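Visitor: If you scroll down you'll find the structure; I have some questions about it.
The values are calculated or read from the model by the stated rules, or taken from the named source; none is laboratory data. Just so we're clear, the structure is a prediction, and the values are computed from it rather than from any experiment. Counting neighbours? That spans all protein chains shown, and the Cβs are built from the backbone with ideal geometry, glycine included. Calculation scope for accessible area: heavy atoms of the full protein, side chains included, ligands and nucleic acids excluded. Shrake-Rupley method; radii C 1.70, N 1.55, O 1.52, S 1.80 Å.
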Amino acid sequence: MDYLSEIEGKQAHDPMFLEKMKESSSSSSSCLCVPGPVIVGAGPSGLATAACLKEKGVPSVILERSNCIASLWQLKTYDRLRLHLPKQFCELPLMGFPTGFPTYPSKQQFVDYLEAYARKFDIKPRFNETVSQAEYDPTLGFWRVTSVGVKGKEMEYVCRWLVVATGENAEAMMPETEGMGEFSGDIRHTSLYKSGEEFRGKRVLVVGCGNSGMEVCLDLCNHNARPSLVVRDTVHVLPQEMLGTSTFGLSMWLLKWFPLRLVDRFLLIVSWLMLGDTSRFGLARPHLGPLQLKNLSGKTPVLDVGTLAKIKSGDIKVRPSIKSLKRHAVEFVNGTTENFDAIILATGYKSNVPSWLKEKVMFSEKDGYPRRPFPNGWKGEYGLYAVGFTKRGLLGTSMDAIRIAEDIQRCWKEEAKHRLAFTNSLLHQSSSL
């Protein structure tokens with residue numbers, strides 16, 4: 001399907017359209033008309049959507065600001081990282097993991113899987129193109145997407161559909177803390193942390209007790225560092241496996257038969273039997289159950305891979321929230337002060353959509369997430385879509401990608417029929433002359 005013919009038709013009948021195109025051509029940027037959707041982001045979300053579209057005969061263009069696919073996984077994750085969920089819950093559509101992969105693939109194995117996925121579906125993103133702006137142009141009836149290359153060259157893409165696949169983890173969240181500029185030690189986000197080797201023998205404070213914070217603490221312990229963990233809020237810690245199977249898989253199976261509150265109660269009872277009372281170690285549980293809390297807030301329970309044992313043994317110290325930083329020390333809200341050599345911020349990531357998407361209906365300007373909750377946040381107006389914003393990991397990503405591809409294919413086929421009918425009408429008229 002060629003949208004150039006549609007644009008030519010608009011040029012012939014719409015003088016405002018012609019003026020718009022003149023404005024584009026007179027600017028310093030080049031312009032490319034894309035027949036299918038433009039996908040922003042070449043992480044798992046963008047790859048999954050492109051593959052589902054290709055399988056349905058719809059071409060797409062992926063724009064990626066980095067120089068590789070899955071840049072978060074390849075460039076901003078620590079070495080010991082593994083998938084926290086079993087591989088069957090992390091597969092992208094249309095292609096499973098190799099049979100030889102373990103239940104919880106390593107970071108490199110997951111990257112290898114994504115590379116093979118891109119090769120299988122012949123997905124070739126346009127790398128080193130940072131989208132600076134995307135806006136729907138009602139005069140054209142198309143989206144106009146502007147990207148900036150490594151040398152500052154601008155490129156404009158004109159497309160019928162725009163898929164936002166930059167996801168929940170586009171930018172690191174850096175909390176503002178009093179005295180941060182005064183602290184003389186190393187302060188870094190987990191996106192810059194690779195291994196505990198460089199912190200051997202050092203006193204390290206890890207801020208944040210999610211899965212990343214817990215695992216970084218364990219990694220530091222295994223490299224003979226002396227970590228402490230700031231726990232700022234309540235947290236559910238569950239064993240990664242219970243009753244001989246993955247906790248996540250067991251939960252999904254139980255939810256087929258029992259209401260959520262009963263499954264939550266079961267998970268907490270088994271966790272208490274296996275892990276004990278975590279509040280004794282400074283890890284108080286929320287009032288809501290783990291699954292209910294996940295559904296309401298998106299907050300994921302911690303799946304313990306050995307960190308809790310280190311906390312119980314005293315190898316990892318639990319500390320309250322930070323009040324302020326000094327030159328060599330940290331003051332906590334309980335009034336105590338301790339010296340540290342480094343601080344690791346396991347404070348998560350955020351969406352960057354509001355910084356480049358000029359749209360206020362589908363996406364919230366506050367947090368950059370779709371305003372409509374799962375499972376209805378994947379589709380907006382005028383051909384705008386979102387993938388990877390479900391707060392449900394790769395399973396949610398796959399569900400979004402499939403829905404988006406089906407919806408775009410339906411529009412693609414309908415417009416192809418209209419164009420064919422229009423062409424046949426013209427041929428009929430010309431033959432009757």
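Visitor: Rounded to the nearest 500, what is the chain's calculated 222 nm mean residue ellipticity when only DSSP H runs of at least 4 contribute -39500 (n - 2.57) each, over all residues? Write out the running numbers ahead of the final one.
Guide: Details: 11 runs with 144 residues, N = 433.
Taking each H run of at least 4 residues, the total per residue is -10500 deg cm²/dmol.
Visitor: Multiply the residue gap between Met180 and Leu243 by 0.36 nm, knock off their C-alpha separation, and tell me the result in nm, one decimal place. Numbers along the way, then the final one.
Guide: On the way: separation 63, 0.36 × 63 = 22.68 nm, distance 4.48 nm.
Working it through step by step, the gained length comes to 18.2 nm.
Visitor: Over the chain, what percent of the accessible surface lies on carbon and sulfur atoms, probe 1.4 Å?
Guide: Values: 11260 of 21040 Å².
Percent of accessible area from carbon and sulfur atoms in the chain: 54.
Visitor: Could you size up the charge dipole of the stretch 173-347 around its Cα centre, putting +1 on the beta carbon of Lys and Arg and -1 on that of Asp and Glu, and report it in debye to the nearest 20? Please report the intermediate quantities before stating the final value.
Guide: On the way: 21 positive and 17 negative charges, 69 e Å.
Its charge dipole is roughly 340 debye.
Visitor: Additional query: State the dimensionless ratio Rg/Rh of the stretch 146-214 (Rg: radius of gyration of Cα atoms; Rh: Kirkwood radius). All intermediate terms of the calculation are to be shown ahead of the outcome.
Guide: On the way: Rg = 18.8 Å, Rh = 16.5 Å.
With Rh from the inverse mean 1/r over Cα pairs, Rg/Rh is 1.14.
Visitor: Same structure again: Using only the heavy atoms of the protein chains and a 1.4 Å probe, how would Ile269, Ile187, Ile344 rank by accessible area, largest first? Don't skip to the answer; put the middle values down first.
Guide: Details: Ile269 95, Ile187 45, Ile344 0 Å².
So, going from the largest accessible area down, we get Ile269, Ile187, Ile344.
Visitor: Helix 107-120 against the longest principal axis of the chain: what's the angle in degrees, Cα atoms only, rounded to the nearest 10?
Guide: The angle comes out near 10 degrees.
Visitor: For the stretch 146-181 and the stretch 308-329, write down the distance between their C-alpha centroids in whole Å.
Guide: 33
Visitor: Once the piece of chain linking Ser321 and Arg200 is laid out straight, how much longer is it, given 0.36 nm per residue of separation minus the C-alpha distance between them? The partial results should precede the final answer.
Guide: Working: separation 121, 0.36 × 121 = 43.56 nm, distance 2.44 nm.
Difference between extended and current length: 41.1 nm.
Visitor: Using only the Cα atoms of the stretch 220-364, build the gyration tensor, take square roots of its eigenvalues as a ≥ b ≥ c, and label the shape rounded, prolate or oblate: rounded if a/c is under 1.5, else prolate if a/b is larger than b/c, else oblate. It would help to have the intermediate numbers written out before the result.
Guide: Working: a/c = 2.18, a/b = 1.18, b/c = 1.84.
Judged from the Cα gyration tensor, the stretch 220-364 comes out oblate (a/c at least 1.5, b/c at or above a/b).
Visitor: How large is the accessible surface per residue of the chain, computed with a 1.4 Å probe and reported in Å² as a whole number? Display every interim value, and only then the final one.
Guide: On the way: 21040 Å² over 433 residues.
I get 49 Å² per residue for this part.
Visitor: Where the eigenvalues come from the Cα gyration tensor of the chain, what are the semi-axes √(5λ) of the equivalent ellipsoid, largest first, in whole Å? Walk me through the numbers on the way to the answer.
Guide: Details: eigenvalues 433, 129, 69 Å².
Square roots of five times the eigenvalues give 47, 25, 19 Å.
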